[in-house]
Each structure stands twice: as structure tokens, then as C-alpha cells.
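Input: a single structure, listed below in C-alpha cells.
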Amino acid sequence: MVLGHVGPVFLVFSCVFVFSSLFRFCFLSCPVMLFPVCFPFVTLTPCNIYISVPFSQALTSALCSGTDRRIHYMIKKGGSEALLTALVKYGHTFSPNYTILIPLLHLLAKVGHKDRRIGMKAEEAGAVLLTLNLLKHNGQHARRTAACLWVIQVFCSSVSTANLIGENHGLDVIYRLIPQYTTKHLHAANVCSAVSKGYISGFLWLYEDWHSKDNQDVAIAIRHALLCCLLKATDSTAGRQAFLSQGGIRLLYQTAQTCLLSKNLECLVEPSVQLMRKCLPRIPLPVTSDQSAYSFLLPGTPAFTDVNESSDESDAEEAEDNHEDDDLETDLNKLRLPPDPDRPKELLTQYSCFCPELSHDFQVCTSLSLSVLCVSLTSFLFNSRGEASPCQREDEQDNEEDGTEEFYHHTIIDRLLERHGAGIPHHDPKLYCAVASKTKSIPDFSILAFPDFWGHLPPPGHQPMAPRKPNIQRQKVFEDIQLTLPSPLPDPRQYETGNTKQQCPLFSSRYEYDLILNPDVNSSQHTQWFYFEVSNMAADVPYRFNVINCEKSNSQFNYGMQPVLYSVKEALEGRPHWISTGTEICYFRNNFCPAKGRRRTTFYTLTFTITFKHSEDVCYLAYHYPYTYSALMAHLKILQKSVDPAKVFFKQQTLCSTLAGNSCPIVTITACPVSRRWKDLHQMRNRPYIVLTSRVHPGESNASWVMKGTLEFLCSNDLVAQSLREAFVFKVIPMLNPDGVINGTNRCDLNSKDLNRQWSKPDPLLSPTIYHTKGFLYYLNIIGRTPVVFCDYHGHSRKKNVFLYGCSIKETLWQSGSAVDTVGLKEDPGYRTIPKTLDRIAPTFSFNSCNFLVEKSRSATARVVVWREMGVLRSYTLENTYNGCNQGIYKGLQTGTQEHQEMGMKFCHSLLSVTKDTRILYSRKLINHIDLDHNMLDHKSHNCFEDDEPPCAEEIEYSGGCPTLKGSDLDSDIDSNMAHVDDDDKEHSAQKHQQDSISQSQQSSIKNHLFPPQTRQPSVDTPSERRDLRNGLRIAN
């Protein structure tokens, strides 16, 4: 029997939510800590319970006052079981007493809402089918129906209970109570039943009916509830298929446009947009293959095979290989004892050549030439595999590069430089071109990207984070549904670090383009980094760019980050700046899926709008400030020329060759001894070592800018830099993944592996840079020169500020919940020295974001392996934001290259805190020099708790729950119904009169609308049928 319009709104609302609860299991919130609370009644027991109206009223009053702790205490003492027993006792009678039953049902709904096991308890007590039976026989009584519905909704928190109700025709019972409206949570077993019976089309008709007739907007809650039901019903493929076939997108697009015209209907737009996003058919990317456009034949492999197809994140890639570390976080012995070395000690002697400062005699330390320093080792060493040693490879590389600076002729580049003159500090365009000509890449680079060749100056002034326009994502989704017109684009140009696979002009506008990023080489994944050129534009015209195959689930682009732009015309006019730009920026899940891969998950869209300043300009757009391999190699040559060899020992060597044949540089920086006396030489050769690495992930270009700041500072004449050179020997490997950087990959090397997950057992052929870096660290360890600090520079795409990840046994055991008693466990707290110091002196640094947990998922990273296997106490990962800061003097500002380089300098400053030379440590001159007492820099980030980002202003995913209306929670609905004093007989009479007024033809019409003839629907994923939306209509191609 259908309940007519006379039924109160809260009853209709309850029907919707209970119907949705039958569709999908929903977890309740985790229980809070229980505290003893005294109740004004005796403890309930399931045996011989007697419920009276005054007793139930007193119990309700006690539970409604105060917090939820009383309800949790009652649950702990068996209150749920007692109420269920009473329900069964009073509900099984031939003529139930609803004067007692209705308050009892209210109580059960309030208590059961907080009991995570209420569904199972109800099944055991036999209360589930009893409540459903009470609902069947009270469809004409609004208050009784609402009470039963709330209890059923609470029971459906259990999957088995929801299935039990569905198997006993609970969907049919509840659906017939709904006059015009839908539900929310869906369980898969019941969705198929609902779809087969035509409920989806019925819900759509109900929503359209309510929307068209509710002219006074008095039934917004009902319309909203219907949308919530559809959202949950479409969690399954069958539900989405039915929604599409019944014209759901057309209906919602039209009704949403109407809702946009009224502020009162704003709450209906968001669920409508979510439904349209979710139900748009999956569209394969318009590419011929999911694989990267570039492949590289690996040593020892007959052909390329994609090893990353089933994983979205590289972290999972190595999980299967580290089963022995499954209990790393809780096993004290594994945290304490280092694993066995991955190679024999005999192989480590080959790395002695990378410590030239230990054998050099410094006879010409006062000379202005470095020629003698470059020829300290002449013997050729061979390892057990018969391969040339790193020392031999270094000498060969030096010979190859002789005379590169004579490479140039007078060309158009020379004339360009003569006319405009770049004048960028630590940058020489001619030298850059010479180095770039030696760089080996998979694609043949036909041109040099102008910003890399010309150079970059930090923009004048700081750039604030971009404000997010309200409802911008919603606007973009509506735009994406509309028909568009095509416009041709030139073919993408290939240059170092560039990474655009395809550019697709859209049909909606001449000024909108979809960009498809190229996956990492030899892979079908890891698409995030981009760097591309735009030309032939019109000035003052907004161009929209959509990067449609991003993979990460969230991005700082949702929190104020902007892409960066470089204008050639601006550079030639004396403003060579990468600037943050773009408006209407948002990042959200789309309906594009891999073209042919097994993964059916969809990608994410980054959309932004650029208005170019000049017509016919050539501009470059990038994810972040690019830093190429050629820029690094040219920069090292400039640094080597800039230092005074009488004071600074600067030695660049080749650690190894990469898979593509590029050199991986290692740099030694320290102070030359004051004299050749034994005391000075002894002091110099006994300095502790600090090892710094960077850019293991090619897409983290910010790490290279931080490293640039570190290198320039260590080679400078600054007093702190001089003191550091006199106190330490620095070993710097500024780019661990040259091939990845050169070929524009985001995460991996040419072997399609994340190199920062290879440190446990690196392959000498497939991961040579990691293998030899680890070998060099082993060598330092066996000769008694274990580094006092190891730090690997990285970039972080989802958090603000700069922070460190370190390693601590105690903190790992604490956070992992280990049973190990840590009271008597002794641990050197020195791992906190550097982050504490940085928190005082570095404006972008946040100690609150630091973490010292040794996670099993990170057991193969550089930080953890160096800490465990080499025993380096201060082994860190330095994470640098792509966006900006939410604290300190840079709060609300984006970090540029100047701030990155400043962070590299400040990290060097913090190293004074670990020196054993007390004269340096307590030098007042140095302390004042680094502004330790500067109030503006002492930002005290440990008092800032804005660590993780708050939820995005708009829903990034389209599979989440329906947005709730104010005052629509279960407790408030129950309280409202408990206060309702309508007489059941009057209610029954009114509803009977309403039903009698409906003619037989009207009932037949409603039945035809709600239950249309069942038809077989085509699959949404059928390859032969592809749907598109034009002006809100569905069109089959």
C-alpha cells in the first residue's frame, strides 16, 4: 500500500534512508573511550525485563542529556541486548501495545546507532524479521512506520542483516512506502534486485515529479534524499547502467541548471553533479596504447614487459619482495640489528677512488689550477665481474669531455646572446648547450627548451597561493558535458625533461585542450609531471588546459598551488622568470580510463586556465620549476671554476654510468689543509663525512633546486660555509636518476622501477646508481668513516612546508603499538638535533610535520637502509613542498626557486649542530651570522597543528556519500518523532481517506511509472557502444 502525500515529511525521509541502508554496508564511527557514568536507573538485563512508559521516558531523558558516553556505557553493560529482548517480548503478541513499542523502538534506534554490533545482536535475538513484520502491518501509521524504519536503518549497519532483510522482500515493503523520492546506502546484493524490479527508473520519475511540482521549495529534503538514494544505488555497475539507460544524466543536467538559479536549491546541485560524474560512461584515453611512447631495451631482457600494470603507487611495487620485513615496525631485534651486507667486502675497495682527499698530498694547494687535483689516481681497477671500476669510468668520461667548450661557432644563439645577454648567476647558456650536446636520451631531442638554455631568475617578490574560486569544479564538470568545436594544435615538441604524449583539441572551444601525459619509460603508469611548450596564442584570451590522466588521488593544486609559466618574449625583454600562474584551478577524478589496460580505475583531471600576455609568444608550462640534467652538469663546471683551489677542495667524479650511458656525478667538497704539516693533514683526513643525495624521483624537480642551494652555499665564501668545510667532508650525489630526469619520467628509471625502493638489494645492471651509491656508503662504513649525516632530498606533492623523515626505534615501537616495553630502552636522541635546529632557523620548515617512524613499506628506501645497514643515526629524507607554507613568515605564499635554494642553505646551517668542534659550535660570531635568535624566523612550528590538508572544498572523488542536509541526522529525527503527539487513530483515518481518494486509473498510472516493464539493458562497458553528452543529451556513437 502506498502512503499518500498526507504522510509527514520525516516519514518519507526515513523511508529513503532505510532503503539506502539496505543497499550498502556503512561503518559506524569508532567507539570512544568509555568512562564510568552513574545512571538514574538500574542496570538492564535481558531476563524478565519489564518496560513501562514512565521507565522508558526516564531512560530516554537520561540518554539524551550529556554526551554519548552514557549510551556507550549502557551498551557495555548489555543495554542493546536488553532492549532487543524487550522488543521481541512485546512485539510477538497478537495485538502489540504500541504505547510501549514506539518508545522502545525509539530507544533501540538511539542506542543501536552507537553499537557497532547491533545488527548481529538483532539477528541473534530474532528482532530483525520481527521489526520488518511490524513495518509491513503499519504502513498506514506514520509514527509507527517511522520508528520501525529507524530501527531497520540501524540494523542495516551489518552486511548480513541487510542481506537478510533484502531476502525477505524488505526492499519491496519500504519502496511502496515512498510517495515520490529515493535512498542512499546500497548493498550490492540488494542493488541487483532493485534494478531488476525497475526501482531506478521509478526513483528518477519520482525525482522529476517532485522537482516539477514543488514550486514553493517546501520538499527540498525529499528531493535531496532521492538524490542520495540514487548516489548509493549507482555504486554498482548495474545501477549505473540502469541510470544511464533511463536518461538519468539528461534529467539531472536539466534539473541542476534550474537549481542553479535559486539559492534555496543549492544543496541539490552537488549530489546532482556527483551523480553525473559517477555515471558518465568510462571513456578509454584516445591513445593507441597505455604504454609509454618510449621504450628502452634493458640489459638481459629479450623484450619490454610492463611490470607496473596492476599498481597505482610505486610503494606497492616492492612490497612483495620484502616479506622478511613484515614485522619490522614491532620487532625490536629487526630494528636494532643490521641485515647482512648485500655484497662481499672484497668488492668495496673499488670505491676508494671516491675519497681523493685521503690520498692527495696537497703539494700545490696554493696553485690556481685544478689540473693536478684531477689526476690523483692513475691505476685501473677491475672488479670481480671483469667490469671497469668506477675510477676507470671517471677517467674515460673526463677524456670524452675535453674540449667541449670549444664546441661553439658563431650562430644565431651567439647573436641572440650578444643582443639580449642573459646574465643569469651561475649559468652560462653556451656551456649549457655544450653539455646538452653530450646528453644521451631515448628520443632524439631536436631543440633545447628555451628556459633551460637561457636561464631563470627568481621573480621579484613572493607569489601568494591562488585563491580557489567557489564551486569551480562544479563549473568545469558542467562545461565538460557540453558540446565543443575542434581546433588544431601543432605536434608536441620533444626536449629534455618534457613529458606530453598527446594534445587533443576539444570540440567545445578553440581555446580548450586535453593533454595526455606520457607514462614513465617502459611503463604504463606514473603520470603527474608535465613540461610542454605553447605557441601561436592570442593575447588576453583565456585558454583552458586539462591534464586528463593524472594518477594521484589528491594534489596541492586543490590548495593554492599553480603551474609555472616561462615567456620567451618576457625573457628577451629582461624578465627571464618562471612565474606561478593560472586561474580556475582544480583537481578531481574524471571518467577516463586506460585505453587497453586491465585496470578499470579512472584517472584524475588537473584543469587550469591561462591568459597569455603576448600574442605570437612562445611559452612553457610546467608542473614545477624544471631542473634538467644538463643544467646540473653545467652548474657543477661553473662551481668548480668559481672556488679558490687554495682554500676549497672541490672534486667532481663519475660514480657510474647509467643505463642510457650518462654519467652520474659525485662531488667532494671540503676545506684544504692550512699547510702540509702532519697536524693539519691529520685533521683534514679525520674529518667526519656527510653524504647528501637528491633527485631519485625525476618529477621532484624542487629537490634539485634545494640541492643547488646547498652546493652553491658550500662553495661560497660565507663564514658558516667555511666552518662547515673545515669541520666535514661533504660527498654529494646531486642526481641519482639522470636517465629519468632526461627523459621526463615522473617516478621511475628506465627499468620502470622506483629507484628509492631498490636500496635493500639493488641490481648492479638495472639500478647502477643505487648499487654504487650503496657500495660507496658500505666502503665508508668499513674504513671507519661512517657518515654522521645522510640526507636524501625529495619533493612532496600533497603537503605544505618542508619537513624531515627520520628513524627512531622508540618512536616506531610507540606508534606501531608494539608490546615491547620501551621504558628501559636507551636510544640516542641525536636524530632530533637537525630537525629541531631547522625549526628555529628555516622559515619553510615544520617540525610538526616530521616523522621518525620506520615503516615496513619504506624498508627499502635510502633513509631506512642507510640507518639499518650502515648505522647512520641521522639518516633523513628531506621533503620539500611543491606548493608553499601554512606557517611562519611565508604563510600563504608559494615557494619559488629562491625559497628552495634558501632551504638548501639553511640545511647546511643546521649541520653546525652536529659538529664535534666546540669552538665552531659555540662561536658567537657564527650564531649571530645564521640568525638563530631572529624572532621572525623562530616560527615555532611545533605549535602549529595544520599538518595535513583539510578536506577539499569540493568532492574530489565521485564515489563518496551524499552530502547531508543540516539537521538531518538520525538522533534529531528520532527526537522530533518522540515529541510528536499525533493520535494514531486520527492518523490512520486521515491516511485512509487520502488513499480512498485515489482512483483505480491513477493507481495504475503510478504503478506503471514506478515499475516499468523490465528490459535487458546493454552494458556500460560494451566496447562497441560509446556514449557522449551533447547539450545534456545522451548520444550513442
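The values are calculated or read from the model by the stated rules, or taken from the named source; none is laboratory data. Quantities reported herein were computed from a predicted structural model and do not represent experimental measurements. Note that each Cβ is placed from the backbone with ideal geometry, even for glycine, and that neighbours are counted across all protein chains shown. Just so you know, the surface numbers come from the protein's heavy atoms only, side chains and all, with ligands and any DNA or RNA stripped out. Shrake-Rupley method; radii C 1.70, N 1.55, O 1.52, S 1.80 Å.
Can you work out which of the residues in the range 868-919 that are touching a Gly at 6+ places or on another chain (Cβ under 8 Å) and assigned to a helix (DSSP H, G or I) is modelled with the lowest pLDDT?
Val914
For the range 529-539, state whether one or more residues are surrounded by 21 or more Cβ atoms within 10 Å (Cβ to Cβ), out of contact with any strand residue (DSSP E or B) (no Cβ under 6 Å at 6 or more places or on another chain) and not polar (S, T, N, Q).
Scanning the range 529-539, I find at least one residue that is surrounded by 21 or more Cβ atoms within 10 Å (Cβ to Cβ), out of contact with any strand residue (DSSP E or B) (no Cβ under 6 Å at 6 or more places or on another chain) and not polar (S, T, N, Q), so the answer is yes.
Keeping to the range 789-842, report how many residues are of a type in the set (Gly, Ala, Ser) and in a strand (DSSP E or B).
Count: 1.
Limited to the range 740-760, what total is found for residues that are open to solvent by 20 Å² or more (accessible area, probe 1.4 Å) and either in contact with a Ser or Thr (Cβ under 6 Å, 6 or more places away or on another chain) or of a type in the set (Lys, Arg) (or both)?
Residues that pass the stated criteria total 3.
Go through the range 113-126 and give me each residue that's of a type outside the set (Lys, Arg), under 23 Å from Asp68 (Cβ atoms) and either at pLDDT below 85 or outside any helix (DSSP H, G or I) (or both).
His113, Asp115
Tell me the residue from Leu489, Leu483, Leu457 that is of a type in the set (A, V, I, L, M), assigned to a loop (DSSP other than H, G, I, E, B), at negative phi and modelled with pLDDT of 90 or more, please.
Criteria check complete, one pass: Leu457.
When residues of the range 704-733 are filtered for being open to solvent by less than 10 Å² (accessible area, probe 1.4 Å), not charged (D, E, K, R) and not in a helix (DSSP H, G or I), how many remain?
5
Going by what's in this entry, would Asp792 be described as touching a residue at least 60 places away in the same chain (Cβ under 8 Å), under 14 Å from Trp867 (Cβ atoms) and either over 28 Å from the mean Cα position of the chain (by Cα) or buried (at least 18 other Cβ atoms within 10 Å of the Cβ) (or both)?
Here the answer is yes, as Asp792 does meet what is asked.
Going residue by residue through the range 127-135, is there one that turns out to be out of contact with any Cys (no Cβ under 7 Å at 6 or more places or on another chain), among the polar types (S, T, N, Q) and at pLDDT below 85?
The answer is no; no qualifying residue exists.
Among the residues of the range 667-703, which ones are hydrophobic (A, V, I, L, M, F, W, C), more than 37 Å from the chain's Cα centre (by Cα) and assigned to a strand (DSSP E or B)?
Matches in the range 667-703: Ala671 only.
Does Ile585 count as open to solvent by less than 10 Å² (accessible area, probe 1.4 Å) and within 13 Å of Asn546 (Cα to Cα)?
no
For residues in the range 552-582 being among the aromatic types (Phe, Trp, Tyr) and outside any strand (DSSP E or B), which is least open to solvent (accessible area, probe 1.4 Å)?
Phe557
May I ask you to list the residues in the range 638-659 that are open to solvent by 10 Å² or more (accessible area, probe 1.4 Å), out of contact with any Asp or Glu (no Cβ under 6 Å at 6 or more places or on another chain) and within 30 Å of Thr881 (Cβ to Cβ)?
Ile638, Ser642, Gln652, listed by residue number.
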